Amino acid sequence: MTAGPRRTAPVAPAVVPALPLPAATWRRTTDVVVVGSGAAGLMTALALADAGRRVTVVTKGALGAGSTRWAQGGLAAVLGADDDAALHLQDTLTAGAGLCDETAVATLVAEAPAAVRLLQHLGARLDLDGDGRPALTREGGHSRDRIVHAGGDASGAEVTRTLVGALGAAGVEVLERTVALEALHAAGGSVVGLRVARAADDGTLTDAGDLRAHAVVLATGGYGQAYAAATSPAGTTGDGLALALRAGAEVADVEMVQFHPTVLWQGPGAAGQQVLVSEAVRGEGAVLVDGAGQRVMAGAHPLADLAPRDVVSATVAAHLAATGADCVFLDATHLGAAFLERRFPGIVRACREAGTDPATQPVPVAPGAHYTCGGVLADLDGRTGVPGLFAVGEVACTGVHGANRLASNSITEGLVAARRCAALLDTTLPAGLPAEPVAARAVPTGAVDPAARAAIGVATSRHAGVLRAVDGLTELTGLLAATPRTGGPLDVAAVEATAVHTVATLLATAALARPESRGCHRRADAPGTRPEWQVRLAHHIDGTGHLHTRTVPLTAVDQTQGVA
């Protein structure tokens, strides 16, 4: 395979903003700091605690308030009699459009059933079939029924409930409403802890201090809120990705943002977290139609309405662009009220609250930012290119999802990676205290003005949505370059605005640098996949905060660093 150009950095590299850190007023030591409390973070902390390690969980909001609890569909795992690992592997590779790491996918597929059984052992109340086994359904891109679910459409909430309960029983220290600001480095460059601060109700930061540790595990989720509207909760602003970048790690595949094709349409001005209508509704037989009742996906793909998400979203977006319509419609009326209310109680309730009854009328839907396939470049054990810094779950780019995530592989990956990362740390953590941190490197720019965040989200949605083109992406980079910095004290709003700006800069840079359409990345001015671009785009910043980009052949991703 031709690897393409080795360097794709722009002539004038973008500058990634830095945070003006408050002084530390206290210092504490633990073995491992886990940042984030979704499925990946909770499972990492729980596994470390079970191994007898001291672990501290830092979470920006309340414990368990991340993206996991909003997940409707479930967990993908080979459990059916007609299924096998080879099929799950192939479905994942097909959806990933040539950018998956096949070894990582094979590991995920092999270990997914055990992750489901562990959840059951911990007390997860999964939906069961008549024989007492986990009930299975199908979602887009899957060739077999292999989606395990709970509460009909409340799978993520049940996973979160189970893991939060287990963590509490294990007595793990949790610092809620605490913001991770910056990694602490030893003289040799390894990460040896975090500068953190408490978030008050008004968003001000207080009581800053240093958590020293042998390892930091980022499990902060994605960056959906870099867009004006997304299905992810308000806190998913890319903080962990931005922190990792400033810590010296590479991030990759940031342009691969998955848009879910069926987000409840609530008008052109809708902003913030949006209502998701699970792909499992189509898995049970619902279909996409236009305003005249004609099937949208008929003839677009052999799997029609159950094609991979990138295909469905791109088809819907093209239909909307061609017709001028605001939305299409998901027709589930033939499934009947009784079935819908039993199988999808949360979705039915949310739609009815918005003024649409799925039992009697098609639901207006349109693609919306949903899941970020890119992130901190890491392997499935969580290792990044910086010793002592690990990343698991949606914040990581492990190669499992490639250019487009197969439905319901995300929580499964988070659980598998968490267990593997914890096992690695348990066997490699050194004895004694972590190395002494040195002063953080100076970067010459301050935090982004929170007043600019809304404009960034609008511009990212307009120019880096389902369909992108060079003119719009160039306009986006110009807006980002001119974004003002704040002169005020650092608060939560400034931390999040800075992260959103960093993510948008990475996204625009990568989308411009990739002159093809692959998976979630669709260039209207560069249709079709180019084989020489079957490479990962990785980004890092230098000591002055300037962004640089390189291409990485899939076979060259080899993370071998350890811990401090």
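With +1 on the Cβ of every Lys and Arg and -1 on the Cβ of every Asp and Glu, and nothing else charged, how large is the dipole of the chain about its Cα centre, in debye rounded to the nearest 20?
Result for the chain is approximately 720 debye, rounded to the nearest 20.
Rounded if a/c is under 1.5, else prolate if a/b beats b/c, else oblate: with a ≥ b ≥ c from the C-alpha gyration tensor eigenvalues square-rooted, which is the stretch 3-153?
oblate
Just name one of PRO358, TRP533, VAL251: the one whose Cα is farthest towards the positive end of the charge dipole of the chain (beta-carbon charges, Lys/Arg +1, Asp/Glu -1).
Towards the positive end, the residue furthest out is VAL251.
List the residues whose amide H sits under 5 Å from the amide H of ALA18, counting only those 5 or more places along or on another chain, with H placed 1.01 Å from N in the peptide plane.
It is THR445, GLY446, by chain and number.
Taking all protein chains as present, what is the carbon and sulfur share of the accessible area of the stretch 96-171, in % to the nearest whole number, probe 1.4 Å?
The value for the stretch 96-171 is 50 percent carbon and sulfur by accessible area.
Hey, what do the phi angles of the stretch 25-42 turn into as Karplus ³J(HN,Hα) couplings, whole Hz, using 6.51/-1.76/1.60 and θ = phi - 60°, x for Gly and Pro?
These are the phi-based 3J(HN,Hα) values: 10, 8, 9, 9, 10, 9, 7, 9, 9, 10, 9, x, 9, x, 4, 5, x, 5 Hz.
Listed highest first by mean packing, meaning other Cβ atoms within 10 Å per residue, what order do 424-437, 338-351 come in?
The packing order, highest mean first, is 338-351, 424-437.
Collect residues whose amide H, placed 1.01 Å from N in the peptide plane, falls under 5 Å from the amide H of CYS397; neighbours closer than 5 in sequence don't count.
Excluding prolines and chain starts, which carry no amide H, the hits are GLY375, VAL376, LEU377, ALA378.
Could you give the distance between the Cα centres of the stretch 120-145 and the stretch 91-105, to the whole Å?
Cα centroid to Cα centroid, the span is 23 Å.
Mind listing which trypsin sites (Lys or Arg not before Pro) in the stretch 450-479 are in a DSSP loop and have 11 or fewer other Cβ atoms within 10 Å?
Filter output for the stretch 450-479: empty list.
What's the center-to-center distance, using Cα atoms, between the stretch 207-274 and the stretch 284-314 in Å?
28
Helix-derived [θ] at 222 nm for the chain: sum -39500 (n - 2.57) over DSSP H runs of at least 4, divide by residue count, nearest 500?
Value at 222 nm, helices only, nearest 500: -9500 deg cm²/dmol.
Near the amide H of GLN258, under 5 Å away, which other amide H atoms are found, from residues 5 or more places off or on another chain, if H is placed in the peptide plane?
Long-range HN contacts for GLN258: HIS370, TYR371, THR372, CYS373.
Counting only other residues whose beta carbon sits under 13 Å from that of MET256, what net charge do I get with K and R as +1, D and E as -1?
Computed value for this residue: +3.
Sort 126-136, 485-495, 229-239 by packing, meaning the average of other beta carbons within 10 Å per residue, with the highest value first.
229-239, 485-495, 126-136
Convert each backbone phi in the stretch 340-347 into a coupling constant with the Karplus relation 6.51 cos²θ - 1.76 cosθ + 1.60 (shift: θ = phi - 60°), then list the ³J(HN,Hα) values in order as whole Hz, x for Gly and Pro.
Coupling constants for the stretch 340-347: 4, 5, 7, 7, 10, x, x, 5 Hz.
Just how large is the dipole of the stretch 419-516 about the Cα centre, in debye to the nearest 20, putting +1 at every Lys and Arg Cβ and -1 at every Asp and Glu Cβ?
180
Per-residue counts of other Cβ atoms within 10 Å, averaged by peptide: what ranking do you get for 372-383, 307-318, highest first?
In decreasing order of mean packing, 372-383, 307-318 become 372-383, 307-318.
Can you compute 3J(HN,Hα) from phi for each residue in the stretch 68-81, using the Karplus curve 6.51 cos²θ - 1.76 cosθ + 1.60 with θ = phi - 60°, rounded to whole Hz and x for Gly and Pro?
Along the stretch 68-81, the couplings run 3, 5, 8, 5, 9, x, x, 10, 8, 7, 7, 10, x, 5 Hz.
The values are calculated or read from the model by the stated rules, or taken from the named source; none is laboratory data. In this text the structure is predicted, and so the values were computed from the model without any measurement. We place every Cβ from the backbone using ideal geometry, glycine too, and count neighbours over all the protein chains shown. Note: areas computed on protein heavy atoms with side chains; ligands, DNA, RNA excluded. Shrake-Rupley method; radii C 1.70, N 1.55, O 1.52, S 1.80 Å.
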